[in-house]
Amino acid sequence: MDLGAHVSTAGGISKAVERAQEIGAETIQIFASSPRAWAFKPLSEDHILAFREAAEKAGIRSTFIHALYLVNVGGAPDLVEKSVAALGQNMHAAGQIGAEGVIFHSGSHKGVGFDAVLDQAADALTRVLADGPPDVQLIIENCAGMGAQIGASFAELGRLVKAIDHPRLKICLDTEHAFAAGYNIADPDGIEGAMAEFDKEIGLDRLVVVHANDAKVELASGLDRHENIGEGNIGLAGFETIMAHPAFQDLPFLLEVPGEDKKGPDKANLDRLKEIRQRLAGA
């Protein structure tokens, strides 16, 4: 189980590796462009080479790109086309830097219902996969369920996965989102039920990465509110329950927490996960 975090690429993507080393990350997630703008600046050969060399030297065992937040495969046709193009750009960048895949939020059906947008979402993501590098995964992240979001339930994610039916389509499980959506993964009995449902609806072979975030909000709140590890409603005991479960044993865990100084994932949060890993290894 590799432990890491989302790290900034300010100053060039190779700088992300330096920041990862500062907090002791073994795996990282980055943005390939601004997460809040459609504009995409292709990576230069120099930056690609610098990142690859730095990651190899630092022993970073896996890298993931998080796509921009504007992606919505459940929206109007023009928004869907922008989303397909943006995901394609991120997939290409992932191939260039040797990343495992691109993690993204599916977006919202804007109140028309999941059934109404399933076909268009499946078509859009099928096109992204068809045009993407053959060794890069497209990774759907579960959502918290706020408003009309797509993919809060494992059943919805499973229907989307089955409609696309592609071996490179995978799932990222965000712990806060799952908890907010009503899956009590902080509880030993709750996590057994949740992961059994995941396996039935999606298949555990599709689960490739975890966003490790505590929850500011109550179970089943439907709200996306991340908290530092051990300071929220999942808690340290909850993360020990999660990390002890067989479904998560060989997966990379990526922090997306506020940080002690509100500057994003930090060494203190990563150390908490490492302490849990060490306890479990000695159990």
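The values are calculated or read from the model by the stated rules, or taken from the named source; none is laboratory data. Because the structure is predicted, anything quoted here is derived from the model rather than measured. FYI the Cβ positions are ideal-geometry reconstructions off the backbone, even for glycines, and counts take in every protein chain you see.
When the stretch 137-168 is filtered for residues that are assigned to a strand (DSSP E or B) and within 13 Å of the chain's Cα centre (by Cα), the ones remaining, listed by number, are GLN137, LEU138, ILE139, ILE140, GLU141.
The set of residues in the stretch 87-131 being buried (at least 20 other Cβ atoms within 10 Å of the Cβ), part of a loop (DSSP other than H, G, I, E, B) and either in contact with a strand residue (DSSP E or B) (Cβ under 6 Å, 6 or more places away or on another chain) or of a type in the set (Gly, Ala, Ser) (or both) consists of ALA99, GLU100, HIS105, SER106, GLY107. Going through the stretch 233-270 one residue at a time, which ones are acidic (Asp, Glu) and surrounded by 15 or more Cβ atoms within 10 Å (Cβ to Cβ)? GLU240, GLU256, ASP266, listed by residue number. Scanning the stretch 186-243 for residues that are aliphatic (A, V, I, L, M), out of contact with any Gly (no Cβ under 7 Å at 6 or more places or on another chain) and in a loop (DSSP other than H, G, I, E, B) yields VAL217, LEU223, ILE229, ILE234. For the stretch 38-77, the set of residues classified as closer than 17 Å to ALA5 by Cβ, part of a loop (DSSP other than H, G, I, E, B) and of a type outside the set (D, E, K, R) consists of GLY59, ILE60, listed by residue number. Close Cβ contacts (under 6 Å, 6 or more residues apart or on different chains) running from residues in the stretch 155-171 that are modelled with pLDDT of 95 or more to residues that are surrounded by fewer than 16 Cβ atoms within 10 Å (Cβ to Cβ) are absent.
Mind listing just one residue for me: the one in the stretch 132-158 that is of a type in the set (D, E, K, R) and under 30 Å from ASN184 (Cβ atoms) and, of those, surrounded by the most Cβ atoms within 10 Å (Cβ to Cβ)? Working first, answer last.
The initial filter retains those residues of the stretch 132-158 that are of a type in the set (D, E, K, R), namely 135, 141, 156.
Still in the list and also under 30 Å from ASN184 (Cβ atoms): 141, 156.
On the way: GLU141: 19, GLU156: 22.
Filtering the stretch 132-158 for residues that are of a type in the set (D, E, K, R) and under 30 Å from ASN184 (Cβ atoms), the one surrounded by the most Cβ atoms within 10 Å (Cβ to Cβ) comes out as GLU156.
Could you please find all residues in the stretch 53-67 being more than 16 Å from GLN149 (Cβ to Cβ) and not acidic (Asp, Glu)?
ALA54, ALA55, LYS57, ALA58, GLY59, ILE60, ARG61, SER62, THR63, PHE64, ILE65, HIS66
So if I check each of ILE164, ILE185, ILE202, which one is in contact with a Phe, Trp or Tyr (Cβ under 8 Å, 6 or more places away or on another chain) and farther than 20 Å from GLU240 by Cβ? Please lay out each step first, then the result.
On the way: ILE164 fails: in contact with a Phe, Trp or Tyr (Cβ under 8 Å, 6 or more places away or on another chain); ILE185 fails: farther than 20 Å from GLU240 by Cβ.
So the residue among ILE164, ILE185, ILE202 that is in contact with a Phe, Trp or Tyr (Cβ under 8 Å, 6 or more places away or on another chain) and farther than 20 Å from GLU240 by Cβ is ILE202.
Against the numbered list (1) without any contact (Cβ under 8 Å) to a residue 12 or more places away in the chain; (2) surrounded by 18 or more Cβ atoms within 10 Å (Cβ to Cβ), GLU275 comes up short only at (2).
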